Amino acid sequence: MTYKAIEDPKSVLSQFRNEYHPRIAVTVDMIATGTDVKPLECLLFMRDVKSRNYFEQMKGRGTRTVPFDDLKKVSPSAKYTKDHFVIVDAIGVTKSLKTDSRPLEKKPGVPLKDLLAAIAVGAREEELFTSVANRLTRLEKQITDKEKIQFSAKANGKSVSQVVKGLLNVFNPDTLEDLRMKVEQENPGAAPVEKEEKFNRLKTELQDNAAKVFTGELNEYIENVRKAHEQKIDMQNPDTVINVGWDKDNKTKAETLVHDFKAWIAQHKEEITALQIFYAQPYRRRELTYAMMKDVLEKLKADKPVLAPMQVWRAYEQLDAVTSAARGSPRNELIALVSLIRKVSGVDKTLTTYDKTVDKNFQNWVFKKQAGALKFTEEQMQWLRMIKDHIATSIHLDADDLDYTPFDAAGGKGKMYQLFGDRMDEIINELNESLAA
């Protein structure tokens, strides 16, 4: 995609009207990333840019291609597809001297936890700010949407990208130039020393505003999320076998992990609804939902990444505290977590995968229901097994779930009502309660 720079702003409108059909014109003021207007054909620069990389990003807003049919929707007068764009240079940005971009990471050997702590106690070096910005940019690509919302809640409503922008803006040459121009305009007759003092005060204020978001709560959250998503691959120092045999410390480590998991559950059992239900009367376990357990899993991994359910499960296995039928990893983390909470809360005497517990409870429920005159048909049993499998993986079944996979392929809610009639809701409630017993 090529571009043409027009340096005389007075002739912009006439040239643009005569040479190009009117489409979209945008005033560019630090528009670098996050803007994607494909039909855009005119970039209007009203200020200079010092960074070469920044300038290239801003020009990149005009390089977006768009199909001719889509272009006609916004510009009915278009006679051909977009093949170039126009830069209206009202300030000389295309000719001014640019500096090459420098790497943001200046402290690669310093842990993120230490960098955050340094900012929190008042350190304001450029290398510190840019290194934290680099780490947070990388972290933003790894965390989930829910984790981004939690970050914002602890960062005074700011998103990760906004925090990063604030850190980088502090030492941006363009930002500092604006501050200096502001001081000059507001204090035209002041002495140079006085102007420099006011400039330094504004710069310090800018730094403090960017740093004040890093409270102890946010710093702890960032560190925990980083641990949860971190994957270390050491290609330079491969492991070598130095001894074959049982590690005497393995049992101690496993006991510590199990103890810490129990302590975390005990600490939060009064505040998390799902844990309250496990410690309440048995019939209340039918109230558990997939969303409730997902929230517990996410909070556990955010607070204590080392207590991830699969790791705690393996610790129980090392302590021979898992039933022989439950050896091996559960189907997923959620099932592992439900199984572990059932063990810790006293619901199960031994650690058993939740899906195995559901299978056993289902057999008992069917046996009791058919002990009298009631006999389920094969088609009814097929539906009951589908419900059992759903509860084993999703914790709970609502009547509305019958309109989704796998029930929809078998006729959905209407088919189940046809098979069970008015007893449909009663059976669903019974299964939710009995299978979670």
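The values are calculated or read from the model by the stated rules, or taken from the named source; none is laboratory data. What you see is a predicted model; the values in this text were computed from it and never measured. When we count neighbours, we look across all protein chains shown, and the Cβ atoms used for this are built from the backbone with ideal geometry, even at glycine.
Among the numbered conditions (1) in contact with a Ser or Thr (Cβ under 9 Å, 6 or more places away or on another chain); (2) within 27 Å of MET46 (Cβ to Cβ); (3) not in a helix (DSSP H, G or I), tell me where ARG124 comes up short.
With respect to (1) in contact with a Ser or Thr (Cβ under 9 Å, 6 or more places away or on another chain); (2) within 27 Å of MET46 (Cβ to Cβ); (3) not in a helix (DSSP H, G or I), ARG124 is out only on (2).
Being under 19 Å from THR353 (Cβ atoms) and either touching a residue at least 24 places away in the same chain (Cβ under 8 Å) or in contact with a helix residue (DSSP H, G or I) (Cβ under 9 Å, 6 or more places away or on another chain) (or both) narrows it down to one of VAL258, VAL306, so name that one.
Answer to the selection: VAL258.
Quick check: anything in the stretch 157-172 closer than 30 Å to ASP295 by Cβ and in contact with a Phe, Trp or Tyr (Cβ under 8 Å, 6 or more places away or on another chain)?
yes
Kindly check whether there is at least one residue in the stretch 320-338 that is surrounded by 12 or more Cβ atoms within 10 Å (Cβ to Cβ), basic (Lys, Arg) and outside the structural domain of ILE277 (by TED's automatic domain parsing).
So far as the stretch 320-338 goes, no, none of its residues is surrounded by 12 or more Cβ atoms within 10 Å (Cβ to Cβ), basic (Lys, Arg) and outside the structural domain of ILE277 (by TED's automatic domain parsing).
Examine the stretch 346-359 for a residue that is farther than 30 Å from GLU270 by Cβ, of a type outside the set (Phe, Trp, Tyr) and part of a helix (DSSP H, G or I), and state whether such a residue exists. Working first, answer last.
Going through the stretch 346-359, the residues farther than 30 Å from GLU270 by Cβ turn out to be 359.
Checking the rest, the ones that are also of a type outside the set (Phe, Trp, Tyr) come to 359.
With the extra rule that they be part of a helix (DSSP H, G or I), the set shrinks to 359.
Checked against the condition, which is being farther than 30 Å from GLU270 by Cβ, of a type outside the set (Phe, Trp, Tyr) and part of a helix (DSSP H, G or I), the stretch 346-359 yields at least one hit.
Give the residue that is modelled with the lowest pLDDT, with candidates limited to residues of the stretch 409-437 that are more than 17 Å from THR377 (Cα to Cα) and out of contact with any helix residue (DSSP H, G or I) (no Cβ under 8 Å at 6 or more places or on another chain).
ALA409
Report yes if some residue within the stretch 363-374 is in contact (Cβ under 8 Å) with a residue 40 or more places away in the chain, over 23 Å from ALA291 (Cβ atoms), in contact with a Ser or Thr (Cβ under 8 Å, 6 or more places away or on another chain) and assigned to a helix (DSSP H, G or I); otherwise report no.
Applying the first criterion (in contact (Cβ under 8 Å) with a residue 40 or more places away in the chain) to the stretch 363-374 yields 364-365.
Subsequent filtering for residues that are over 23 Å from ALA291 (Cβ atoms) retains 364-365.
Subset that is in contact with a Ser or Thr (Cβ under 8 Å, 6 or more places away or on another chain): 364-365.
Those left that are additionally assigned to a helix (DSSP H, G or I): 364-365.
Checked the stretch 363-374: at least one residue is in contact (Cβ under 8 Å) with a residue 40 or more places away in the chain, over 23 Å from ALA291 (Cβ atoms), in contact with a Ser or Thr (Cβ under 8 Å, 6 or more places away or on another chain) and assigned to a helix (DSSP H, G or I).
If a residue has to be buried (at least 16 other Cβ atoms within 10 Å of the Cβ) and within 22 Å of LEU297 (Cα to Cα) to count, how many in the stretch 153-183 make the cut?
1
Looking only at residues that are more than 14 Å from LEU44 (Cα to Cα) and surrounded by 15 or more Cβ atoms within 10 Å (Cβ to Cβ) in the stretch 73-103, which one is modelled with the highest pLDDT? Write out each step before concluding.
We begin by selecting, within the stretch 73-103, every residue more than 14 Å from LEU44 (Cα to Cα); these are 73-84, 95-103.
Then keep just the ones that are surrounded by 15 or more Cβ atoms within 10 Å (Cβ to Cβ); that gives 75, 78, 82, 98.
Working: SER75: 78, ALA78: 79, LYS82: 82, LYS98: 69.
Looking at residues that are more than 14 Å from LEU44 (Cα to Cα) and surrounded by 15 or more Cβ atoms within 10 Å (Cβ to Cβ), I get LYS82.
List every residue pair whose Cβ atoms sit under 6 Å apart, with the two residues 6 or more apart in sequence or on different chains, where the first one lies in the stretch 336-350 and is without any contact (Cβ under 8 Å) to a residue 60 or more places away in the chain and the second, anywhere, is surrounded by 22 or more Cβ atoms within 10 Å (Cβ to Cβ) and among the β-branched types (Val, Ile, Thr).
If the second residue must be surrounded by 22 or more Cβ atoms within 10 Å (Cβ to Cβ) and among the β-branched types (Val, Ile, Thr), the pairs left are SER339/THR353.
Taking the stretch 164-217, which residues are over 27 Å from ARG52 (Cα atoms), of a type in the set (S, T, N, Q) and in a helix (DSSP H, G or I)?
Passing the criteria: only GLN185.
For the stretch 369-414, which positions are among the charged types (D, E, K, R) and within 39 Å of the chain's Cα centre (by Cα)?
First pass over the stretch 369-414, keeping only residues among the charged types (D, E, K, R): 369, 375, 378-379, 385, 388-389, 398, 400-401, 403, 408, 413.
If the condition is that a residue be among the charged types (D, E, K, R) and within 39 Å of the chain's Cα centre (by Cα), then ARG385, LYS388, ASP389, ASP398, ASP400, ASP401, ASP403, ASP408, LYS413 are the ones that fit.
If only one of LYS73, LYS38, LYS82, LYS59 is basic (Lys, Arg) and under 30 Å from LEU176 (Cβ atoms), which one is it? Break it down into steps so the answer makes sense when it comes.
Values: LYS73 fails: under 30 Å from LEU176 (Cβ atoms); LYS38 fails: under 30 Å from LEU176 (Cβ atoms); LYS82 fails: under 30 Å from LEU176 (Cβ atoms).
Only one candidate passes the filter, namely LYS59.
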